[in-house]
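Here the structure comes first, spelled out in structure tokens, and everything after it is commentary.
Laboratory data are not the source of any read-out in this text; all were calculated from the coordinates shown. What you see is a predicted model, and the numbers here were worked out from it, not measured in a lab. Here Cβ is always computed from backbone atoms with ideal geometry, including for glycine, and neighbour counts include all displayed protein chains.
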Amino acid sequence: MTGEKPRDRESYVRGLFSSIAERYDLFNIIASFGFDRGWRRFAAAKTALPSGGSALDICAGTGDLAIAVGRRLDPGRVVATDFCEEMLEVGRSKVSGTPQERLIEFAWADVMDLPYDDEAFDAVTVGFGIRNVADIPKGLAEVHRVLRPGGRFVCLEFSRPVWRPFRALYRFYLFRVVPLIGRVVTGNYQGFRYLASSIADFPDQERLRRMMLAAGFARVDFYNLTGGIVAVHVGVK
Ligand SMILES: C[S@@+](CC[C@H](N)C(=O)[O-])C[C@H]1O[C@@H](n2cnc3c(N)ncnc32)[C@H](O)[C@@H]1O
């Protein structure tokens with residue numbers, strides 16, 4: 001996927017997630033050694049949502065971040081959106097029959113053209129999704145548009161480990177081990193090579209902070225988790 005056009009990348013990403021949707025959650029738990037739950041809880045806490053508030057989770061996939069936000073927000077409303085119907089379907093069945101069902105609505109939406117009014121949400125969240133968006137500045141502009149003034153955009157994403165000596169080991173894990181786990185869990189090796197590259201190529205903490213400021217956020221702070229393997233950026237509109 002080098003030198004690809006945004007449209008090619010979009011259809012590649014959608015096809016990849018539709019093919020791994022059923023096994024995506026299992027892969028996450030194994031590849032992150034179970035850390036992903038704590039990362040999502042931390043991100044959900046950073047939304048600082050008022051009781052009865054509304055949140056939009058973009059690139060929601062199978063809904064784990066939306067569920068973490070929903071747990072903090074009762075009463076309230078979470079709209080979990082994605083452009084891959086198969087991922088949303090796994091999310092819907094996960095909350096079906098649970099107390100989360102009345103809080104979370106799963107809906108198809110492309111981040112590049114969100115079907116919501118300006119300033120419609122108290123918070124917007126994204127977990128491990130923004131790096132997959134074909135045109136990140138355009139996606140960030142859409143997030144900024146649908147967020148109410150004073151509301152927070154919380155972005156949980158893989159980032160750059162802060163301890164330099166660890167970086168080579170982490171790269172080895174990303175490019176050698178993650179695709180193997182991907183092959184065993186989902187049968188797809190190449191897809192996880194692509195995901196590893198998308199992590200390695202993604203802007204580091206400071207660059208993402210500047211991209212969010214360029215999209216119009218008044219203030220952006222970030223928090224490194226697990227030594228900077230992931231970072232949570234919080235932008236205030
Ligand atoms: C790695 S998954 C993350 C799922 C979930 N947020 C989580 O925390 O596990 C990335 C998701 O982003 C979605 N995605 C990528 N580009 C998108 C776009 N332009 N609009 C909507 N969803 C998109 C993919 O379909 C996929 O479900």
* Asked: What list do you get for Asp57, Asp204, Asp113 if you sort them by fewest beta carbons within 10 Å?
  -> Asp113, Asp204, Asp57
* Dimensions (Å) - the range 1-138, Cα atoms, principal axes, largest first -> 45, 37, 25
* Computed magnitude of the charge dipole of the range 111-220 (debye, nearest 20; Cβ of K, R +1, Cβ of D, E -1) -> 740 debye
* Asked: Using Cα pairs under 8 angstrom and six or more residues apart, how large is the relative contact order of the chain, in percent?
  -> 19 percent
* Just check the range 1-63 against the gyration tensor rule for me: Cα atoms, a ≥ b ≥ c as the square roots of the eigenvalues, rounded for a/c under 1.5, and otherwise prolate or oblate depending on whether a/b exceeds b/c. => oblate
* Scattering curve values for the chain, log₁₀ I(q)/I(0), Debye with Cα scatterers, q = 0.12, 0.16 Å⁻¹ -> -0.62, -1.18
* Calculated Rg and Dmax of the range 86-175 using C-alpha coordinates, Å -> 16.7, 47
* May I ask you to give the average projected area over all directions of the convex hull of the Cα atoms of the range 187-236, in nm² rounded to one decimal? => 4.4 nm²
* Rg(Cα) / (2.2 N^0.38 Å) computed for the range 49-95, rounded to two decimals -> 1.09
* Among Pro50, Ala196, Ser11 the positive-end extreme of the charge dipole of the chain (Cβ point charges) -> Ala196
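Given a cut-off of under 8 Å on Cα pairs at least six residues apart, what relative contact order in percent is computed for the range 53-192?
On the way: 225 pairs, mean separation 29.8, N = 140.
Computed over the range 53-192, the figure is 21 percent.
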* Asked: Considering only Ile130, Ala66, Cys84, whose Cα is most displaced toward the positive end of the charge dipole of the range 55-152, charges sitting on Cβ of Lys, Arg (+1) and Asp, Glu (-1)?
  -> Ala66
